[in-house]
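Accompanying notes for the structure given below.
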Amino acid sequence: MATDPRRKEALAELTDRIIQTYYEISSINHLGHCPLPSNEVVFEIANDLKEVIYPGYRRRQNLHVGNVAYYVGDLIDSLHDKLTQQIARALRHEHQKGHQIVCGSRPEIDFEAEGQKKAILFLETLPSIREMLAHDVQAAFDGDPAAGSLDEIIFCYPGLEAITIQRLAHELYLLEIPYIPRMLSEWAHSRTGIDIHPGARIGSSFFIDHGTGVVIGETCEIHEHVKIYQGVTLGALSFPKDENGEIIRGAKRHPTIEANVVIYANATILGGDTVVGAGSVIGASASITKSVPPNTQVTVEKPQLRFREAS
Amino acid sequence: MATDPRRKEALAELTDRIIQTYYEISSINHLGHCPLPSNEVVFEIANDLKEVIYPGYRRRQNLHVGNVAYYVGDLIDSLHDKLTQQIARALRHEHQKGHQIVCGSRPEIDFEAEGQKKAILFLETLPSIREMLAHDVQAAFDGDPAAGSLDEIIFCYPGLEAITIQRLAHELYLLEIPYIPRMLSEWAHSRTGIDIHPGARIGSSFFIDHGTGVVIGETCEIHEHVKIYQGVTLGALSFPKDENGEIIRGAKRHPTIEANVVIYANATILGGDTVVGAGSVIGASASITKSVPPNTQVTVEKPQLRFREAS
Amino acid sequence: MATDPRRKEALAELTDRIIQTYYEISSINHLGHCPLPSNEVVFEIANDLKEVIYPGYRRRQNLHVGNVAYYVGDLIDSLHDKLTQQIARALRHEHQKGHQIVCGSRPEIDFEAEGQKKAILFLETLPSIREMLAHDVQAAFDGDPAAGSLDEIIFCYPGLEAITIQRLAHELYLLEIPYIPRMLSEWAHSRTGIDIHPGARIGSSFFIDHGTGVVIGETCEIHEHVKIYQGVTLGALSFPKDENGEIIRGAKRHPTIEANVVIYANATILGGDTVVGAGSVIGASASITKSVPPNTQVTVEKPQLRFREAS
């Protein structure tokens with residue numbers, strides 16, 4: 001216990017200086033506002049949704065036809081409440097920021113009612129999302145010789161985790177709910193290394209193998225039966241001229257990938273006008289910035305390798 | 001509290017529709033089956049095993065020669081019980097799936113006894129795994145100028161985390177235990193960005209630096225003293241003809257890397273017949289699909305760079 | 001309950017054999033030493049520091065000018081205590097290792113006092129770190145058309161998470177505190193896929209977009225207003241001759257990136273003498289091992305793509 005309590009007196013003065021920066025640099029604090037959505041609750045929601053979609057695999061075992069209705073009914077009820085609250089927070093915050101209104105002032109808009117409406121609209125999409133994901137699981141099995149069973153894919157595959165969360169986040173994105181879709185997609189990104197923006201439109205039977213380093217941009221369109229590997233970027237064509245002047249948020253900046261395309265590891269496909277035609281195959285490490293006709297195989301003319309005796 | 005309780009009435013009908021999909025799309029639910037292995041328990045097992053292998057570094061501090069035997073003895077006892085149960089679950093599930101048997105019907109096979117046998121066979125490998133990992137730690141220290149000490153490597157290096165889990169998962173894989181090896185390897189993948197299939201055979205003194213984006217396939221063979229960097233893929237040669245027709249699961253699809261090879265960042269080595277000879281060095285971003293003789297330095301003929309004044 | 005208790009008798013003998021390896025292979029255990037810093041406490045410290053820097057966003061909501069001083073004052077006080085203890089552990093361990101002293105022997109150095117001094121020196125840097133990070137948040141907003149607001153960046157962007165932890169870890173590194181800086185940077189690496197060594201010197205208004213696979217080495221220097229994308233490596237020039245002979249730890253091995261440089265996805269810039277001049281733009285997948293003059297746009301002469309009808 002050789003610490004010196006007198007040294008701690010410096011801390012009060014330091015605290016004052018830190019507080020002072022909250023006034024001077026207010027862009028990165030969040031004081032006097034109504035609560036934002038909570039990361040913890042949003043991630044709970046994600047795990048609850050996975051229980052509904054893939055019942056019996058994770059949190060709750062021993063489910064059978066005699067008890068699953070109770071379990072899922074209870075989950076849906078609780079999801080309704082959590083989603084309503086978190087969506088209301090996101091909507092209120094966005095509104096107050098836009099109008100520079102302080103928390104506690106009487107809101108013109110009933111954000112709870114708005115949140116509930118959107119929560120129910122979102123929950124209504126679960127049956128069709130589940131159908132999409134069943135096709136994704138099958139596509140993973142068909143596309144990976146190392147997959148032993150559908151169970152292994154549902155249990156372990158990061159590509160399935162990423163597309164599961166993206167399909168959920170995309171519905172929230174379509175309902176114009178702020179923050180929450182991106183919180184979900186970054187949660188998946190953190191755990192899988194796969195970064196799919198909630199705005200991307202992705203057709204059925206989609207499979208990402210391995211997946212670390214995959215980036216799929218906001219305005220991407222992917223048709224059915226597409227397979228992509230680790231390190232693939234479907235991104236914006238970024239030249240300095242895009243950086244200058246005003247950034248136009250929302251324009252189509254990312255490519256369209258038509259049906260039955262395969263894109264091998266580390267390929268890069270860029271640009272909002274770039275279309276990869278149906279049935280094409282893009283080789284590993286290819287870099288594409290112009291459209292590719294259907295049924296085309298694009299391979300990279302390999303750079304010369306130099307072989308010499310190792311020193 | 002502006003939510004409308006009458007709106008919640010829609011939820012019962014929605015729950016029914018979701019339950020209905022469990023009948024229509026049964027491939028992604030797990031109802032009426034015996035429990036699968038639990039992710040939580042499997043990850044606990046992984047952390048317990050790390051305590052046995054690297055005692056004193058993480059969960060339990062202040063270990064010394066006077067108390068370590070109690071601590072490790074207790075861990076081994078508890079690992080025996082957890083492993084027996086989880087392996088039994090994995091075996092039972094695999095068997096019932098194969099024979100379409102419902103949970104609760106009298107099993108012909110004593111899965112607990114089978115699980116216990118495999119659990120003990122696995123635990124018996126710990127002394128030799130520990131020896132292998134001591135060489136891996138030394139290889140990391142010898143190979144990274146930024147490493148300050150062995151302790152820092154054991155404490156912080158994701159490459160060591162990945163190979164630790166892989167060496168454990170590989171022993172479970174050799175014992176033909178389903179699910180659990182892949183659950184472990186995807187747990188490591190999620191936390192390190194390094195994706196090594198449990199089936200890969202990896203010699204001693206293996207070092208992965210940085211590691212994000214590394215992919216090592218199921219049938220890879222890596223000899224001793226190999227060093228690889230971030231983004232390296234040791235994968236299958238994937239051409240469209242492989243996708244058509246039947247997928248042959250289990251054949252050697254991934255390369256062999258002989259002793260003392262170094263593979264720099266983002267290089268890609270593909271194909272089951274590809275052998276990189278002992279002592280060779282593969283340059284960054286090289287793409288190899290044919291065998292390389294021993295003691296060869298392979299570098300990429302750099303693509304021309306165009307330099308012009310930035311606009 | 002078909003497990004056989006007699007089989008468990010083998011476990012005692014196995015435990016003995018494992019303990020035996022602690023004597024034979026002592027390089028990877030930590031017995032009889034004073035406690036190392038605790039991962040759990042170090043990660044708590046990181047989360048506490050994020051609360052101080054970005055108040056109101058995460059753990060604690062409903063902060064306002066009337067209560068924030070209490071909250072932050074309490075956090076700083078507790079950070080002082082935790083940091084003092086963890087830094088003291090790191091210093092003591094490093095000293096005892098260097099001098100092969102056993103834990104419990106009377107130390108010549110008062111590590112608690114030393115730890116407290118460094119803890120306070122570190123905490124004193126928080127106001128200026130906070131100012132730097134406000135510029136980083138703005139740089140992310142200016143640089144990403146998909147960013148909806150500053151809040152979204154603070155809440156969700158892995159690039160901001162990585163640079164936040166790096167700026168904190170860098171100050172601890174400058175104070176020559178062992179272990180803890182690297183524990184922090186690997187914590188961020190694990191959650192973001194972005195691997196920035198605590199030693200790297202990074203100027204203001206730094207933005208990493210997407211980020212998975214980024215590697216920034218220990219002796220890198222990055223000036224202000226630099227933007228980099230996923231998969232970029234700022235690394236050491238690694239040729240076999242570097243591996244032979246003695247590894248010189250600490251020399252400048254990594255490049256210098258001057259102000260207003262943009263580096264697109266998967267580019268690789270290597271070598272301690274390599275300088276990318278101010279205002280330059282490095283194209284995707286470019287591989288640079290020599291200096292680039294200011295205001296230069298470097299693009300890769302694309303490898304020929306072969307197009308043929310897919311079979």
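The values are calculated or read from the model by the stated rules, or taken from the named source; none is laboratory data. Note that the structure is predicted; figures quoted are calculated from it, not measured. Please note: Cβ atoms are built from the backbone with ideal geometry, for glycine as well, and neighbour counts cover all protein chains shown. Just so you know, the surface numbers come from the protein's heavy atoms only, side chains and all, with ligands and any DNA or RNA stripped out. Shrake-Rupley method; radii C 1.70, N 1.55, O 1.52, S 1.80 Å.
Worth pointing out:
- Among the residues of the range A:120-129, those identified as facing chain B (nearest Cβ under 9 Å) and buried (at least 21 other Cβ atoms within 10 Å of the Cβ) are A:123, A:126.
- Candidate set: the range B:151-166, residues that are farther than 17 Å from residue B:52 by Cα and facing another protein chain (nearest Cβ under 8 Å); chosen: the one surrounded by the fewest Cβ atoms within 10 Å (Cβ to Cβ): B:152
- Set side by side, the residues B:236, B:286, B:267 differ, and just one is at pLDDT below 95, open to solvent by less than 30 Å² (accessible area, probe 1.4 Å) and within 26 Å of residue A:189 (Cα to Cα), which is B:267.
- Filtering the range A:35-45 to residues that are within 30 Å of residue C:138 (Cβ to Cβ), more than 7 Å from every other protein chain (Cβ to nearest Cβ) and open to solvent by 10 Å² or more (accessible area, probe 1.4 Å) leaves A:38, A:40, A:41, A:43.
- Lone unmet requirement of (1) of a type in the set (A, V, I, L, M, F, W, C); (2) farther than 24 Å from residue B:6 by Cβ; (3) not in a helix (DSSP H, G or I) for residue A:109: (2)
- Residue check, residue B:140 more than 7 Å from chain C (Cβ to nearest Cβ), open to solvent by less than 50 Å² (accessible area, probe 1.4 Å) and either modelled with pLDDT of 95 or more or farther than 23 Å from residue B:155 by Cα (or both): yes
- When we screen C:61, C:20 for residues that are without any contact (Cβ under 8 Å) to a residue 40 or more places away in the chain and within 14 Å of chain B (Cβ to nearest Cβ), the only hit is C:20.
- Annotation: residue B:113 fulfils all but one of (1) crowded, with 21+ Cβ neighbours inside 10 Å; (2) of a type in the set (A, V, I, L, M, F, W, C); (3) within 9 Å of chain C (Cβ to nearest Cβ); the unmet one is (1).
- Restricting the range C:12-47 to residues that are of a type in the set (Asp, Glu) and within 21 Å of residue B:131 (Cβ to Cβ), the residue that is farthest from the chain's Cα centre (by Cα): C:13
- Top-ranked residue in the range C:167-201 [being in contact with a strand residue (DSSP E or B) (Cβ under 7 Å, 6 or more places away or on another chain) and not small (Gly, Ala, Ser); ranked as surrounded by the fewest Cβ atoms within 10 Å (Cβ to Cβ)]: C:201
- Conditions (1) small (Gly, Ala, Ser); (2) in a helix (DSSP H, G or I); (3) open to solvent by less than 30 Å² (accessible area, probe 1.4 Å): number failed by residue B:69: (3)
- Qualifying residue in the range B:5-16 (condition: free of Cβ contacts under 8 Å to residues at least 40 places away in the same chain and over 30 Å from residue A:127 (Cβ atoms)): no
- Taking the criterion of being of a type in the set (Val, Ile, Thr) and either open to solvent by less than 10 Å² (accessible area, probe 1.4 Å) or within 11 Å of another protein chain (Cβ to nearest Cβ) (or both), the residues of the range A:202-218 that qualify are A:208, A:212, A:214, A:215, A:216.
- A Cβ distance below 6 Å, combined with a sequence gap of six or more or placement on separate chains, defines the contacts here; from the range B:168-195, residues that are in a helix (DSSP H, G or I) reach residues that are of a type in the set (Ser, Thr, Tyr) and crowded, with 24+ Cβ neighbours inside 10 Å in the pairs B:169/B:185.
- Within the range A:1-10, considering residues that are surrounded by fewer than 18 Cβ atoms within 10 Å (Cβ to Cβ) and outside any helix (DSSP H, G or I), the one nearest to the other protein chains (Cβ to nearest Cβ): A:2
- Boolean, residue B:13 is open to solvent by 10 Å² or more (accessible area, probe 1.4 Å), more than 21 Å from residue B:187 (Cα to Cα) and more than 14 Å from chain C (Cβ to nearest Cβ): yes
- Residue within the range C:25-35 that is more than 24 Å from residue C:99 (Cα to Cα) and part of a helix (DSSP H, G or I) present: no
- Output for the range C:258-311, where each listed residue is in contact with a Lys or Arg (Cβ under 8 Å, 6 or more places away or on another chain), more than 9 Å from chain A (Cβ to nearest Cβ), in a loop (DSSP other than H, G, I, E, B) and small (Gly, Ala, Ser): C:271, C:272
- Inspection of the range C:46-58 finds a residue satisfying the criterion of being open to solvent by 20 Å² or more (accessible area, probe 1.4 Å), under 26 Å from residue C:202 (Cβ atoms) and at the interface with another protein chain (Cβ under 8 Å from one of its Cβ atoms).
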